[in-house]
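**Student:** Sharing a structure, written as structure tokens. Questions coming.
Just so it is clear, none of the values below were taken in a lab; they were calculated from the coordinates. No experiment lies behind these values; they were computed from the predicted model shown. Every residue, glycine among them, receives a Cβ derived from its backbone with ideal geometry; neighbour counts consider all protein chains shown.
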Amino acid sequence: MADTIGTWPLIIRPGFTLGGTGGGIARNKEEFQTIVTRGLDASLNTEVLIEESLLGWKEFEMEVMCDRKGNAVIVCSIENVDPMGVHTGDSITIAPIQTLTDREYQAMRDDSLKVMKAIGVETGGSNVQWAVNPETGRRIIIEMNPRVSRSSALASKATGFPIAKIAALLAVGYTLDELRNDITGSTPSCFEPSLDYIVTKVPRFTFEKFPKADSTLGTQMKSVGEAMAIGRNLKQSFQKALRSLETGRAGFGADGKDEKYESASDEVLAEEIARPSAERIFYVRAAFRRGWNVDRVYELSGIDRYFLRHFEELACFEDEIRSAGTLENLKKDHSLFRQIKEFGYSDRQIAFLLGCTEKDVSRARRETGLIPVFGSVDTCAGEFEARTPYYYSCYADHGEPRRDSAGKKSIMILGGGPNRIGQGIEFDYCCCHAAFALRKAGYEVVMVNSNPETVSTDYDTSDKLYFEPLTLEDVMHVYEREGCSGVIVQFGGQTPLNLAQKLKDAGANVIGTSPDDIDLAEDRDYFKQLSAKIGILQPENGIAHNPEEAMEVCRRIGYPVLVRPSFVLGGRGMVIVHHEENLREFVEQAEAIAPGKPILIDRFLQNAVELDVDCISDGHRTVIGAILEHVEPAGIHSGDSASITPPMTLSQEIQEKVREYARAFAKELHVCGLMNMQLAVKDGQIYMIEVNPRASRTVPFVSKAIGVPLAGLASLCQTGKTLDELGFTEEVKIPYVAVKEAVFPFVKFPGVDVVLSPEMKSTGEVMSLDRDYGLAYLKSQIAAGNRLPSSGNVFISIKDEDKPKVVPLARRLEKLGYHLYATRGTSTLLYDNGIKTNAIFRISRGRPNLLDLIRDKEVQWIVNTTEQGEEAMVDEVQIRSKAIIAGIPLTTTLEGLVAAIEGLTDKMDFGRFEVCSLQEYHRHIHTALKR
Amino acid sequence: MPSYMWKEKREKKAFLALADGTIFHGVGFGAEQDTVGEVVFNTGMSGYQEILTDPSYAGQFVTLTAPEIGNYGCNADDVESRALFLNGLIIHELNLPSNFRSEWSLDEYLKQNGKSGIFGVDTRALTLLLRDRGSQKAYLHVSKEPVDEKEAVRRAQEWEGLDGRDYASKVTCQARYEFNAEGRFHVAAYDFGIKLNILRELAAADCRVTVFPAKTPAEEILADNPDGVFLSNGPADPSAVTYALENIRKLLGKKPLMGICLGHQLLGIACGATCGRLKFGHHGCNHPVRNLLTGAVEITSQNHNYALQKLPDCLEMTHLNLNDNTVEGIRHKSLPAFSVQYHPEAAPGPHDSQQLFDEFRKLMEK
């Protein structure tokens, strides 16, 4: 087929996958072979699409909505900044379309509607993607999805047209003209939103979590989240989006973090501008700072000149800001100050360029009366009055008048910003529930967030929605404008928590657990004292500032140790070190991740059981939400471990002790709201690992398991209600089992090791319920896409320390009717114990080996455990990567295997799973909760 | 480094003075001449060149609510008439072009055609003002001749306005001409400010079109014996185009009639309908209109300040604006004549309503 098309490069897209899994761009025959093979494996219907490469063409998207009567509208049009070749999900995108004439736009619109008709979409939303040759205007359809898609959420938030909501109503028979436009309240939904602002979406990546993954962007989506920003012009919108991303950048550069890009040689700069990546945009800025012109950058990047001109202007404008010389001078030049803000520069950027502090800039700006006004997302460019308050900040003459709170007290809830590993929609769940509860209790809820993929940024979740970056500057403007009586920082994850102290200093009333107490929990010395006071053990630990100190600490506390940089999220850079010879390397890595920050070292508790406890406190009484026992042992990040409640293996006595500790910590830390504790249990001893006085990742899971909206209750506690008043005074005992299992993005990153470690890697989770532990676990595996076979061949390869435990497990597998394969060592061990296996070679030793089995689809389940924290053996990395790509279920811990065998055994006994609704499960629990 | 005019952008020496005394500051571009006219806003997100060349905007300043303008430049093809008829363009941000069809930047285009523009204006503020207070008379100052703001406001107030003014005769062609020499049907089109895309659509519907100046007597049209007569769109107030009303009455029943926009208003008034001014008019590309005969909703392109209100018994309403329930289309109950307020020819705007030209053809077939 490649020969028929006759040109390189070619694009390969596997059929029936999400986010382009397994696809790629082949520039020659070898690459073509590799990608096609991978694509065929990833495709659910073993099909790949091979097409002419449109690399460098302009990319556009149209969100279409139609009803059963044939009425159809374009909800939103989107133009990608990154040209064709980069997955839309990984592109910076702008709405509405900017560089097409009306003729070209309408022709695209006509064809999008024709596509809907031709595909036979009866009702609902679809998206149609187009590529346009920038030189000739030749337009080609790339794909269409007859369903709501990732971009539907973006389109909904960008326009105020709630695509999914309307699609649901259309599906049950309504027509577009019968449905009201919620935003105006007076016009029908059968219209096309008109935007008088510019929307920018920037993808959020986590390549730092997967250092071995190729950071070049292509047709396979690699981003894990996105931020959206709205501005009155492109520059404002673009800069706001970059600072919404929370990657530490204050906008489009000019924040002191451009050294890497600005110091690149011309060759590197040219290469990096030609190579699509998360950082390309900053190389583009560096090029303009260096004096390269738009045409040169265009030739390299293919980014449309329209966008490049804006980027160039911003890069050059930095000198105009600098020309003010000092903040004092700038203060005197109101029109320049205002122009800077109109260009979207944050106070932080101005501070960097003028060599002062953000606080100084903020004060000077306010003194000259320069504060933003707020525009409204009204769906109609001002033609009709908007009823729904949905705002964005901008610097302009006119702002929407503040809407009266109708005598209600306003409470601000800060969202979590873009999804990333370690901070995902779990926190948005908490924000939403807090909003629901507070609104019900008579408060006016003001929501601030920048993530278009969330429910918190639906215009009907809060009373007033502000689509803003979660920075001190942007948040305080909203706080002041709305005259909020308090701000809740506990629910949005680390993002608002990091702002807590600054908000308090700026005069905001942070309600719930105080910022000081939040900081105290992070203070290791204080925490040590507190643990001693409460009488709980901590793993032996120490702090080091260099490899020598680290070695000393380790000699004192003994190996293995857990080494991690301080002040990081999601276990970033955390490793387990078993021997002194590996220590130095890891300490150096940790130093690189958080330069200048101390390195934390803990004695690693091998084979300990890890626990998560979520509880709620009103400042006096503390009630346990649930104790979760991790399936995987300590050493695997809690976010990556399967968790089970009620705990499986813990004695009542231990559980009671855990509860006591929770109550004691909540009291000492003056917790008002939610608190999460992580503990480890080894040989009957309980060790404290960490306490977080905030909503945790597991709150949604626990809330659903016990049928109690913990986040909602917590928000009410923060406004002064007691748990007594709320009727939540006792831990809920559930007569069933709930399991949470993590979902991983490994399949998107070929070559990256799949082993679980103290660094969190999962991007999602699933939950399952059953009356029985094993069945609940098995359901969770199915839900997570790890469909364990009920018969067939199982390959077992076990690390040495697990070998004694594997014999009874292998026996049970044999009994369940599986055929076992193992490498020589494991095979001999099992043979000696009377278990028959097929012995195969280690990959590096000969053939047939496991790779052959995988290729021939001879193996249906792979069990492969390895030393934690060690540089994984080449063999094992290969095994796991191939298994993931081949879609073969993979179990990487013995604990996981135990749970799976339990489940498979029970399933065989019961013959089926229990299928009940969540409400049916909840019928069995008893609480005094006032709903 | 290109010239960014940052200083000029800060100084904002040009301004738009509204008759109500409000001043909007900005930066002048295009031709350097002051003008007076009526300010309206258009919510379409693309199509500024079509708007610039639409004769219906004669006497008006058009405020574009889309914030970034000029992005795709201007070209020789996307024109809707022989010239630029509006008084001036009011925008938020002015960009250099980036589009394979672009021949001139927006600034160059306005300069070449002797029209002024102002950018850097808070167009949302202006739009909301127009929405709340209605269309406004205004004075646009972009020239180097200094004008006092108060004086500018006075000039705006003193301007005669569009109500009761016949602008059709100002924009119509001087003599009859042919468009599309071949075609099954012969259509006589009254040019009250006709858009080229109407002619293109008629041609696509297999019509040979003869375009006549606005004041051409009905007798002259009938002497040509066309298969149908088309009443075009056009600027300003239909009640002032009295000569057209007389001609339409003479043609009604003798030839199938189709009207668009001003032509629709004229047909309605000629049949006895009343016509009034809308507060700020309809100008945009996203207005939902229900076809009352089929129930279907079309997303339409619109540009009008006046609308038919009370219809006589001989007329039937065929189209309804779903935003504000105004009359969007009529047909005569017994005679072959129909018209729509919106623009089925689009340009700019969606092509949902092109089939109306086929309906005209069907009327001519009978």
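**Student:** Per residue of A:313-321, count partner chain C-beta atoms within 10 Å of its C-beta, then hand back the mean as an integer.
**Tutor:** Numbers: counts 4, 0, 1, 4, 2, 0, 1, 4, 0.
Mean partner shielding for this stretch: 2.
**Student:** Once a ≥ b ≥ c are taken as the square roots of the eigenvalues of the Cα gyration tensor of the stretch A:419-497, is the result rounded (a/c under 1.5), prolate (a/b larger than b/c) or oblate (a/b not larger than b/c)?
**Tutor:** Working: a/c = 1.60, a/b = 1.16, b/c = 1.37.
Oblate, because a/c is 1.5 or more while a/b does not exceed b/c.
**Student:** Would you please classify the overall shape of the protein assembly as shown from the alpha carbon gyration tensor, given that a ≥ b ≥ c denote the square roots of the eigenvalues, rounded means a/c under 1.5, and beyond that prolate means a/b larger than b/c while oblate covers the rest?
**Tutor:** Details: a/c = 2.07, a/b = 1.80, b/c = 1.15.
Judged from the Cα gyration tensor, the protein assembly as shown comes out prolate (a/c at least 1.5, a/b above b/c).
**Student:** Restricting attention to the stretch A:3-95, which GluC sites (Glu not before Pro) occupy a DSSP loop and are surrounded by at most 13 other Cβ atoms within 10 Å?
**Tutor:** Values: sites: A:Glu30, A:Glu31, A:Glu47, A:Glu51, A:Glu52, A:Glu59, A:Glu61, A:Glu63, A:Glu79; in loops: A:Glu47.
Counting only loop positions with at most 13 other Cβ atoms within 10 Å, the GluC sites (Glu not before Pro) in the stretch A:3-95 are A:Glu47.
**Student:** Then there is this: For a quick check: with amide H placed at 1.01 Å from N, whose amide H comes under 5 Å from B:Cys261's, ignoring anything fewer than 5 positions away on the same chain?
**Tutor:** Those lying under 5 Å, H to H, from B:Cys261 are B:Val340, B:Gln341, B:Tyr342.
**Student:** When A:Thr379, A:Thr729, A:Thr763 are ordered from fewest to most other Cβ atoms inside 10 Å of their Cβ, what list results? Write down the numbers at each step before the final one.
**Tutor:** Values: A:Thr379 26, A:Thr729 14, A:Thr763 21.
Exposure proxy ranking, most exposed first: A:Thr729, A:Thr763, A:Thr379.
**Student:** Can you grab the distance from the C-alpha centre of the stretch A:245-316 to the C-alpha centre of the stretch A:179-237, Å, no decimals?
**Tutor:** The stretch A:245-316 and the stretch A:179-237 have Cα centres separated by 21 Å.
**Student:** When the Kirkwood hydrodynamic radius is evaluated over all pairs of different C-alpha atoms of the stretch B:237-366, what value in angstrom, to one decimal, is obtained? Intermediate results must be reported in sequence, preceding the final value.
**Tutor:** Working: mean 1/r = 0.0688 Å⁻¹.
Hydrodynamic radius (Kirkwood, Cα pairs) of the stretch B:237-366 is 14.5 Å.
**Student:** How many angstrom lie between the C-alpha centres of the stretch B:71-137 and the stretch A:79-111?
**Tutor:** Each part reduced to its Cα centre gives a spacing of 22 Å.
**Student:** Starting from the Cα of A:Arg845, step 7 Å along the direction of its Cβ; do the same at B:Thr22; then give the gap between the two resulting points in nm.
**Tutor:** 8.4
**Student:** Take the Cβ-Cβ distance between A:Ile534 and A:Asn509 as r, set R0 to 25 Å, and report the resulting FRET efficiency rounded to the nearest 0.05.
**Tutor:** Numbers: r = 30 Å, r/R0 = 1.19.
It comes to 0.25.
**Student:** So, with +1 on the Cβ of K and R and -1 on the Cβ of D and E, and no other charges, what is the size of the charge dipole of the stretch A:782-931 about its Cα centre, to the nearest 20 debye? All intermediate terms of the calculation are to be shown ahead of the outcome.
**Tutor:** Details: 21 positive and 19 negative charges, 85 e Å.
In debye, rounded to 20, the stretch A:782-931 gives about 400.
**Student:** Then there's this: Compute the separation of the alpha-carbon centres of the stretch A:346-416 and the stretch A:761-792 and state it in Å as a whole number.
**Tutor:** If you average the Cα positions of each part, the centres end up 46 Å apart.
**Student:** Any idea how far apart A:Ser265 and A:Glu30 come out in nm if each label point goes 7 Å out from Cα toward Cβ?
**Tutor:** 2.5
**Student:** Another one. Once the dipole of the protein assembly as shown is set up with Lys and Arg at +1 and Asp and Glu at -1 on Cβ about the Cα centre, which of A:Thr719, A:Tyr736, A:Thr649 lies farthest towards its positive end?
**Tutor:** A:Tyr736
**Student:** What ranking of A:His87, A:His924 emerges when the number of other C-beta atoms within 10 Å of each C-beta is taken as an exposure proxy, fewest first? Could the numbers behind the result be given before it?
**Tutor:** On the way: A:His87 21, A:His924 13.
Least crowded to most crowded, the residues run A:His924, A:His87.
**Student:** List the residues whose amide H sits under 5 Å from the amide H of B:Cys275, counting only those 5 or more places along or on another chain, with H placed 1.01 Å from N in the peptide plane.
**Tutor:** HN-HN under 5 Å from B:Cys275: B:Gln309.
**Student:** On to the next question. Please list, by residue number, every one of the trypsin sites (Lys or Arg not before Pro) in the stretch A:683-772 that is coil in DSSP and has at most 12 other beta-carbon atoms within 10 Å. Walk me through the numbers before you get to the answer.
**Tutor:** On the way: sites: A:Arg694, A:Arg697, A:Lys704, A:Lys721, A:Lys733, A:Lys740, A:Lys748, A:Lys761, A:Arg771; in loops: A:Arg694, A:Arg697, A:Lys721, A:Lys733, A:Lys761, A:Arg771.
Counting only loop positions with at most 12 other Cβ atoms within 10 Å, the trypsin sites (Lys or Arg not before Pro) in the stretch A:683-772 are A:Lys733.
**Student:** Taking a quarter of the surface of the Cα convex hull of the stretch A:461-538, what do you get in nm²? Before the final figure, lay out each step's value.
**Tutor:** Working: hull surface 25.9 nm².
Directional mean of the projected Cα hull area for the stretch A:461-538 stands at 6.5 nm².
**Student:** Can I ask one more? How large is the dipole of the stretch A:723-858 about the Cα centre if only Lys and Arg carry +1 and Asp and Glu carry -1, each at its Cβ, rounded to the nearest 20 debye? Each step should come with its number before you reach the end.
**Tutor:** Details: 20 positive and 18 negative charges, 200 e Å.
Computed about the Cα centre, the dipole is about 960 debye.
**Student:** Give, rounded to the nearest 20 debye, the magnitude of the charge dipole that the protein assembly as shown has about its Cα centre when Lys and Arg contribute +1 at Cβ and Asp and Glu contribute -1 at Cβ. Walk me through the intermediate numbers first.
**Tutor:** Numbers: 145 positive and 178 negative charges, 340 e Å.
For the protein assembly as shown, the charge dipole is close to 1640 debye.
**Student:** Select from B:Val229, A:Ser456, A:Ala153 the residue farthest towards the positive end of the dipole of the protein assembly as shown; place +1 on Cβ of Lys and Arg, -1 on Cβ of Asp and Glu, and compute about the Cα centre.
**Tutor:** Of the listed residues, the answer is B:Val229.
**Student:** Continuing with the same structure: Non-local amide H neighbours of A:Ser277 (under 5 Å, H modeled in plane, Pro and chain starts lacking H): which ones?
**Tutor:** Correct list: A:Leu217.
**Student:** Still on this structure, please answer the following. So what J values fall out for the stretch B:127-144 if you push phi through Karplus, 6.51 cos²θ - 1.76 cosθ + 1.60 with θ = phi - 60°, rounded to Hz, Gly and Pro as x?
**Tutor:** 4, 5, 5, 5, 4, 7, 9, x, 4, 10, 6, 8, 10, 9, 10, 10, 7, 7
**Student:** Measuring from a point 7 Å past the Cα of B:Thr242 along Cα-to-C-beta, which residues in the stretch B:214-230 have an amide N at less than 20 Å?
**Tutor:** B:214-219, by backbone N distance to the label point.
**Student:** Additional query: Rounded, prolate or oblate for the stretch B:77-228? Axes are the square roots of the Cα gyration tensor eigenvalues, ordered a ≥ b ≥ c, and the cut-off for rounded is a/c under 1.5. Don't skip to the answer; put the middle values down first.
**Tutor:** Working: a/c = 2.66, a/b = 1.69, b/c = 1.58.
Cα axes put the stretch B:77-228 in the prolate bin.
**Student:** Per residue of A:254-265, count partner chain C-beta atoms within 10 Å of its C-beta, then hand back the mean as an integer.
**Tutor:** Numbers: counts 0, 0, 0, 0, 0, 0, 0, 0, 0, 0, 0, 0.
Mean partner-chain Cβ count within 10 Å for A:254-265: 0.
**Student:** Continuing with the same structure: Using θ = phi - 60° and the Karplus curve 6.51 cos²θ - 1.76 cosθ + 1.60, what whole-Hz ³J(HN,Hα) does each residue of the stretch A:838-850 get, with Gly and Pro shown as x?
**Tutor:** So the J values, rounded to whole Hz, are 8, 7, 10, 6, 5, 4, 7, 9, x, 9, x, 10, 4.
**Student:** So how much slack lies between A:Thr4 and A:Arg787, counting 0.36 nm per residue of separation and subtracting their Cα-Cα distance, in nm? The partial results should precede the final answer.
**Tutor:** Working: separation 783, 0.36 × 783 = 281.88 nm, distance 3.87 nm.
Working it through step by step, the gained length comes to 278.0 nm.
**Student:** Using the Karplus curve 6.51 cos²θ - 1.76 cosθ + 1.60 with θ = phi - 60°, work out ³J(HN,Hα) for each residue of the stretch B:271-284 in order, rounded to whole Hz, and write x for Gly and Pro.
**Tutor:** 3J(HN,Hα) across the stretch B:271-284, in whole Hz: 8, x, 7, 9, 9, x, 8, 7, 4, 10, x, 10, 9, x.
**Student:** How big is the stretch B:1-89 in terms of Cα radius of gyration and Dmax, in angstroms?
**Tutor:** Spelled out, the Cα radius of gyration and Dmax of the stretch B:1-89 are 14.1, 42 Å.
**Student:** Among B:Asn42, A:Cys316, B:Met317, whose Cα projects farthest towards the positive end of the dipole of the protein assembly as shown, with charges put on the beta-carbon of Lys, Arg (+1) and Asp, Glu (-1)?
**Tutor:** Sorting the options by dipole projection puts first B:Met317.
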